[in-house]
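The values are calculated or read from the model by the stated rules, or taken from the named source; none is laboratory data. Only a predicted model underlies this, so the values are computations on that prediction, with no experimental measurement involved. Note: accessible area is taken over every heavy atom of the protein model, side chains too, but ligands, DNA and RNA are not part of it. Shrake-Rupley method; radii C 1.70, N 1.55, O 1.52, S 1.80 Å.
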Amino acid sequence: MTKVSDFIIEYLASLGIQDVFYVPGGGAMHLNDSLGANPDIEAVSMIFEQGAAIAAEAYARGRDGYGACIVTSGPGATNALTGLAGAYLDSIPVIFISGQVKRDDLVGEQGIRQFGIQEVDIMSMVQSYTKYAVQIAAPEDIVYEMEKAAAMAVYGRPGPVWIDVPLDVQAGEIDAEACARFHDGYHPHKYAEGYSICGADFEQEYAAKDEDVQKVAELLGKSRRPLLYLGHGIRLDHSVRKARELYEGLGIPVVTSWNGVDLIESDHPLYMGRPGGVGHKAANLIVHKADLVISIGTRFNLLATGYDYGSFLENAVHVMVDIDENEMNKKSLHPDVKIVSSANSFIVKLLEKLPEITLPEGAKKEWLQECRQYWESAPVRIREQDAREGYVSNYDLIEEISDQMKPYDMYQFTSSGTTVDIAMKVFRIKRGQRAFLNKGLAAMGYDVPACVGSAFANKRLQEADTRLDKSHRSVRATSEKAQVVCVTGDGSVAMNMQELEVIKRYRLPVKIFVSDNEGYAMIYGSQNGNFHRLTGCNRDSGLTLPNMEEVAKAFGIRAMSIENADNLAVDVAAVLEYDGPVVCRVHTDLSQKVLPKQRSYMKEDGQMASRPLYDMTP
């Protein structure tokens, strides 16, 4: 016989999860005990449940697999909701497990707000932001429900799942071999091994139709300005290698979504940038000029399309390949060819068509040359981006960090604010390098706990060294010297700075540069531009933020500072070369602008409107 809580932890380990992020509590006491007793899993005790949830999400991204988070009942569960929402919106397969009061103490149908101690109806809160959510009604249900939840997390469009386990169920005993099984229980283990499980050898529901692939091949043969627009769905479907075969086989320009930022290195001759409302101006021009855009695995959020929907891809035949049909039918998009398919299935079938696709060689060369001319006419760095005298420019800082980082170092983008927008403009991806952000929710406070999850993911990848093991794996640079590097704002870092304790406890190789402008730069710019007065965005308007150099010292972490740009390269090197975690405070300019950006204007009725995405200022 097996204790239910032991089975849960053993099952997580069977999915390749080597680290579980948790905060202990009475409502999860058996889960906590089983987690600590399992020799195959590191129990990473976080300080706050939001930090645990975010770390699990980052870990899943870094491993290209599952993440796991365990919390207690009541406030432990509700504290994790921000991390849950972030995972859901960005399609990350995280398994959340919450403790709950014992079944006799559930409020049930009594018509009252609460019965058990610290009881909340977590199911009604999480159902809108999970692929699957269940409260375990009896111990013998656990095998079926764990297998189902894990399968649901990765089949179709991935996303988080939530399993709520009452205290008495956690303590129950089962004969696992005699319990009911979920019929697709093999899926999760194949996904954990790096296979696509949608539209491949396992299931055909999300397989690309042959006639659709043939149509795309014919469109490519007719196009003179084709473009590939690659998104995070490619990585989620373990198809990074195949995508590389595709764009190199076609020899046509490539742009990426922000969540797909690390799908191609920045010095690749076919790479043409990251489009968007505050993306690369040249990339937006290239997207506008293309006559055929094949997008794979990107949902095109409003930052990607801009708010002038009608002008987006107005000159192109848009082939949209996505596993979620609803994304193709939203009001901001109007694809000409809609292909409901996994990224892997479509790419594999289009690769089979490559010998039949004849792209006019002259036209292809002319188009690539035209794309490069857009980059010459719209460079990334412009005078209007400069910081004021006496401050360090975030553009210069991130460029220098990018130049000094190794391919095996992971860059942890923050999720919102000037540091992520500027990094998307100037950070240069190296081949095999990982970099990501949470773009859908874009929660402030993502940075520190995400660095924790990413550092553990890096450690496990280095131990396994899966760079060249199987063709379905992506090429990933690994090294025992790998670091996680993050540039974040002083406003964001303050929101989950308690997780610095975890970085110190494990002496994780994390280097955090804090852009210290003593305020919220995005809010400052918005309020200045729209209201001409300030509220709660800097010291003069009521906001103060902690000095992170002093905070780092309090946590026992090496603290450094960069006050000016006189010796920027040397100062950055000192941080990156230090053997251990570092928090480096950088004196930056609150008024530094994120430019170029999409233009907006005021209509006659006083309402604001946006110009086409390619019409950026300056």
A 28 angstrom limit on the alpha carbon distance is what I want to check against. Which of K242/K364; K3/K190; K430/K481; K330/K511 exceed it? K330/K511
Could you work out [θ]222 nm for the chain from helices alone, using -39500 (n - 2.57) per DSSP H run of at least four and dividing by all its residues? Round to the nearest 500 deg cm²/dmol. -10500 deg cm²/dmol
Taking the convex hull of the Cα atoms, report for the chain its projected area averaged over all directions, in nm². 28.8 nm²
What's log10 of I(q)/I(0) for the range 240-345 at q = 0.10, 0.11, 0.13, 0.17 Å⁻¹, Debye sum over Cα points only, no solvent? -0.26, -0.31, -0.44, -0.79
If you average 1/r over all unlike Cα pairs in the range 343-424 and invert the result, what Kirkwood radius do you get in angstrom? 17.2 Å
With a probe of 1.4 Å, find how much accessible area the range 42-136 has per residue, and write the answer as a whole number in Å². 35 Å²
Given the C-alpha atoms of the range 102-193, compute the convex hull and give its volume per residue in Å³. 117 Å³
Roughly how many Å² is the accessible area per residue of the range 250-298, as a whole number, for a 1.4 Å probe? 15 Å²
Quick check: at a probe of 1.4 Å, how many percent of the accessible area of the range 1-120 sits on carbon and sulfur atoms? 49 percent
From Cα pairs below 8 angstrom and at least 6 apart in sequence, can you work out the relative contact order of the chain, rounded to a whole percent? 13 percent
From zero outward in steps of 10 Å, how is the percent of C-alpha pairs of the range 63-131 spread across the bins? 19, 47, 25, 8, 1
Can you pull the percent of the range 257-322's accessible area that's carbon plus sulfur, 1.4 Å probe, other chains left in place? 50 percent
What is the percent carbon and sulfur in the accessible area of the range 373-498, measuring with a 1.4 Å probe over the protein chains and ignoring ligands? 47 percent
So what's the range 527-618 giving for Cα Rg divided by 2.2 N^0.38 Å, two decimals? 1.60
State the Kirkwood hydrodynamic radius of the range 1-133 in Å, one decimal place, computed from all pairs of distinct Cα atoms. 15.0 Å
Could you provide, to the nearest whole Å², the per residue accessible area of the range 360-511 with probe 1.4 Å? 38 Å²
Dimensions (Å) - the range 305-373, Cα atoms, principal axes, largest first: 37, 31, 17
